[in-house]
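Peer 1: If you scroll down you'll find the structure; I have some questions about it.
The values are calculated or read from the model by the stated rules, or taken from the named source; none is laboratory data. Remember, it's a predicted structure, so these values are computed and weren't measured experimentally. Positions of Cβ are generated from backbone atoms using ideal geometry, with glycine treated the same way; all protein chains shown enter the neighbour counts.
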Amino acid sequence: MELEKQNTNGKYPINDFKSGESWRLFKIMGEFVEGIDGLRHLGPAVSIFGSARTNPDHPYYKKAEDLARVFAKNGYAVITGGGGGIMEAANKGASEENSDSIGLNIMLPFEQKPNSYATTQLEFKYFFVRKVMFIKYAQAYIIMPGGFGTLDELFETITLIQTRRIRKTPVILVGKDYWRGLIHWVKEKLLAEKMISEKDLNLFYLSDDPDEIVRRVVDFNSCS
């Protein structure tokens, strides 16, 4: 009979640890299944990213709400992270136009609470599963002002397009004043030191005009 071994703290058998890791794979698979089942009937959609910390009286909140409303009027569902701030604003704009308003909520110890405007709420434990859902079902990625999470979603999306892991899709940064410094750094550092190529700058677009943003997305998808 195989002897039961213990880890360094003497509390948990190694075999139990391995079993736990294996079962975690089933939990991950379960999140993928729930996400795909929950969104498989979704029509054309855009994913809108942005800060959970933006207050309802902030201009960025109003801009996200207006932008989502214009997308909804043009037949697009809106996908957000399901929380407050920019996410709440976008879900609100879409739901008030009777469009599908999707919230992909993540379980966090702080900040993230589901907003009441998402007509479909899915909850995730694993960030990477949630990211797949953001990308898989969107015809465009709208990047509103945000923090580390928003930057993570921005650069991962651009990287996936750059490396042709996903098809080329519009990535639009909203908030010229907010993003100007980052774009300057990308050009002055990444491009100047040949960490990226000139054509990589075409992987994203900057605009503050909701009608122009929606028109660009509609035109792109009508030609693709």
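Results for (1) part of a loop (DSSP other than H, G, I, E, B); (2) of a type in the set (Ser, Thr, Tyr); (3) out of contact with any strand residue (DSSP E or B) (no Cβ under 8 Å at 6 or more places or on another chain); (4) more than 22 Å from Phe32 (Cβ to Cβ), shown as yes or no for each residue.
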residue: Gly82; (1), (2), (3), (4): yes, no, no, no
residue: Ala90; (1), (2), (3), (4): no, no, no, yes
residue: Asn98; (1), (2), (3), (4): yes, no, yes, yes
residue: Leu104; (1), (2), (3), (4): no, no, no, no
residue: Ala118; (1), (2), (3), (4): yes, no, no, no
residue: Val132; (1), (2), (3), (4): no, no, yes, no
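Peer 1: Looking only at segment 29-53, how many residues end up being surrounded by 13 or more Cβ atoms within 10 Å (Cβ to Cβ) and either at pLDDT below 85 or part of a helix (DSSP H, G or I) (or both)? Lay out the reasoning, then the answer.
Peer 2: Within segment 29-53, the first condition is being surrounded by 13 or more Cβ atoms within 10 Å (Cβ to Cβ), and the residues that meet it are 31-32, 34-36, 38-39, 42, 44-53.
Narrowing the set further to residues that are either at pLDDT below 85 or part of a helix (DSSP H, G or I) (or both) leaves 31-32, 34-36, 38-39.
The qualifying residues number 7.
Peer 1: Identify the residue in segment 91-117 that is in contact with a Lys or Arg (Cβ under 9 Å, 6 or more places away or on another chain) and of a type in the set (A, V, I, L, M, F, W, C) and, among all such residues, is surrounded by the most Cβ atoms within 10 Å (Cβ to Cβ).
Peer 2: Ala94
Peer 1: Here is a further query. Let me confirm something: among Ser224, Ser207, which residue is among the polar types (S, T, N, Q) and either free of Cβ contacts under 8 Å to residues at least 40 places away in the same chain or surrounded by 15 or more Cβ atoms within 10 Å (Cβ to Cβ) (or both)? Walk me through how you get there before you give the answer.
Peer 2: Details: Ser224 fails: either free of Cβ contacts under 8 Å to residues at least 40 places away in the same chain or surrounded by 15 or more Cβ atoms within 10 Å (Cβ to Cβ) (or both).
Result: Ser207 is the single residue among Ser224, Ser207 that is among the polar types (S, T, N, Q) and either free of Cβ contacts under 8 Å to residues at least 40 places away in the same chain or surrounded by 15 or more Cβ atoms within 10 Å (Cβ to Cβ) (or both).
Peer 1: It is to be established whether one or more residues within segment 143-162 are at pLDDT 95 or above, farther than 23 Å from Ala52 by Cβ and either part of a loop (DSSP other than H, G, I, E, B) or in contact with a Pro (Cβ under 9 Å, 6 or more places away or on another chain) (or both).
Peer 2: For segment 143-162, residues at pLDDT 95 or above, farther than 23 Å from Ala52 by Cβ and either part of a loop (DSSP other than H, G, I, E, B) or in contact with a Pro (Cβ under 9 Å, 6 or more places away or on another chain) (or both): absent.
Peer 1: Output the number of the condition that Lys194 fails; it satisfies all remaining conditions of (1) in contact with a strand residue (DSSP E or B) (Cβ under 8 Å, 6 or more places away or on another chain); (2) modelled with pLDDT of 95 or more.
Peer 2: For Lys194, the exception is condition (1).
Peer 1: Please go through (1) under 20 Å from the mean Cα position of the chain (by Cα); (2) surrounded by fewer than 17 Cβ atoms within 10 Å (Cβ to Cβ); (3) small (Gly, Ala, Ser) for Ala192 and return the number of the only condition it doesn't satisfy.
Peer 2: (1)
Peer 1: Could you check how many residues of segment 191-224 are assigned to a helix (DSSP H, G or I) and either of a type in the set (Val, Ile, Thr) or touching a helix residue (DSSP H, G or I) at 6+ places or on another chain (Cβ under 8 Å) (or both)?
Peer 2: Narrowing segment 191-224 to residues assigned to a helix (DSSP H, G or I): 191, 198-203, 210-223.
If we keep only those that are either of a type in the set (Val, Ile, Thr) or touching a helix residue (DSSP H, G or I) at 6+ places or on another chain (Cβ under 8 Å) (or both) too, we end up with 191, 198, 200-201, 203, 210-211, 213-214, 217-218.
Residues flagged as assigned to a helix (DSSP H, G or I) and either of a type in the set (Val, Ile, Thr) or touching a helix residue (DSSP H, G or I) at 6+ places or on another chain (Cβ under 8 Å) (or both) within segment 191-224 amount to 11.
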